[in-house]
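The values are calculated or read from the model by the stated rules, or taken from the named source; none is laboratory data. Being a predicted model, the structure only gives us computed values, none of them experimental. Positions of Cβ are generated from backbone atoms using ideal geometry, with glycine treated the same way; all protein chains shown enter the neighbour counts. In case anyone asks, the SASA skips ligands and DNA or RNA and just uses the protein heavy atoms, side chains included. Shrake-Rupley method; radii C 1.70, N 1.55, O 1.52, S 1.80 Å.
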Amino acid sequence: MKALVYDGKLSLQQVPDPAPKQGEALIRIRYSSICNTDLEILKGYMGFKGILGHEFVGEVITEKSRFFGKDVVGEINISCGRCYMCQTGRKSHCTNRSVMGIFEHAGAFADYVVLPEKNLHVVPANVELPAAVFTEPLAAALEIFEQTKISPTDNVFIFGAGKLGLLITQVFRLSGCEYTLLDINPDKVEFARGLGLPAKKLNDLQVEERAEICVDCTGSPDGIGIALKHLRPRGKLILKTTVADPAKVDLNQIVMHEFNIIGSRCGVFEPALSLLSQKLVDVEPLITKVFAFDEIEEAFKLAAQPDSINVLIRHKPER
Ligand SMILES: [Zn+2]
Ligand SMILES: [Zn+2]
């Protein structure tokens, strides 16, 4: 099969087809999407070498699978089910885990991918395939609500109007909170406003303006410091940024202001699919451009541009 391999540089290569083991399914990729994490891997994040890609929708082609012929999305953490973390309900932190396209498991920028069946979720009939590709990042947005109590009386600042920031903001729109999306890039602010989201330029945020909850999804090492400056004492800082270059933060202010810091990563798929199915989150406008799989190297160049939101890859319709 054809796959986008990262081995210090990116290239489309011919590689052997993956073979599913017991409990796994072979999936023919239909759409995939380039995530900021992919771009960070190219800068050294996780030290990953192999087939990239973790946001996808595809059709299960393993005939004996109960998902055979169905379009599915897949949770990216492959857990063992036996370790202490798995047995205490924290399978995304499985001690023996691999992560599709990020850590020791081949990713979705390929004709086929293999995943355990327990990771798969059927895409509801009324969710278009390009929209289904947003399930993984939308689940990551919902993870915030799994991790901490959010009151409708809280005010929230979301820093970073990229794909994840726009999804998180749309989820907060459903929460009843007062919320503002902030970005240094005026074009991204304009774009968010065009979606009906309350967004403003970071420069227009006054020093004294603070929120109970700050979410950093800037994808920049500076994001955490900026977010901390606008957090109320005993407020919650939710960190979504993963970067190759770690941030440098003055920890004294965390002690002084008794801030709560919450690292936040992958989330639950079923509620994400439900939001997409109910059309409560608008994802189609977040698609910057769709490229054919053969043009994926070109697609990576566009995805790295500051104004890109989400670049999708359309894979070949047939085997
Ligand atoms: Zn991602
Ligand atoms: Zn485990």
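Judged by the mean number of other Cβ atoms found within 10 Å, the most tightly packed of the peptides 236-242, 72-78, 147-153 leads the ranking 72-78, 236-242, 147-153. Could you list, in their original order, any pairs among K9/K240; K200/K248; K163/K289 whose Cα atoms are separated by more than 18 Å? Violating the 18 Å limit, Cα to Cα: K9/K240; K200/K248. With both labels modelled 7 Å from their Cα along Cα-to-Cβ, the D294 to Y84 distance reads 5.3 nm. Given only helices, namely DSSP H runs of n ≥ 4 each adding -39500 (n - 2.57), what is the per-residue ellipticity at 222 nm of the chain, to the nearest 500 deg cm²/dmol? For the chain, the value works out to -6000 deg cm²/dmol. Considered as an equivalent ellipsoid built on the Cα gyration tensor, the stretch 111-151 has semi-axes of 24, 15, 9 Å, the largest given first. Ranking C214, C80 by solvent-accessible area of protein heavy atoms (1.4 Å probe, all protein chains present), from largest to smallest, gives C80, C214.
Converting the Cα gyration tensor eigenvalues of the stretch 140-263 into ellipsoid dimensions via √(5λ) gives semi-axes, longest first, of 20, 17, 14 Å. Annotation: R97 carries an accessible surface of approximately 70 Å², with a 1.4 Å probe and no ligand, DNA or RNA atoms counted. Expressed to the nearest 5 percent, the antiparallel share of DSSP beta bridges inside the chain is 50 percent.
Over the C-alpha trace of the chain, radius of gyration and Dmax come out as 19.4, 60 angstrom.
Note on N126 and E209: their simple-model spin labels are 3.7 nm apart, each label 7 Å out from Cα toward Cβ.
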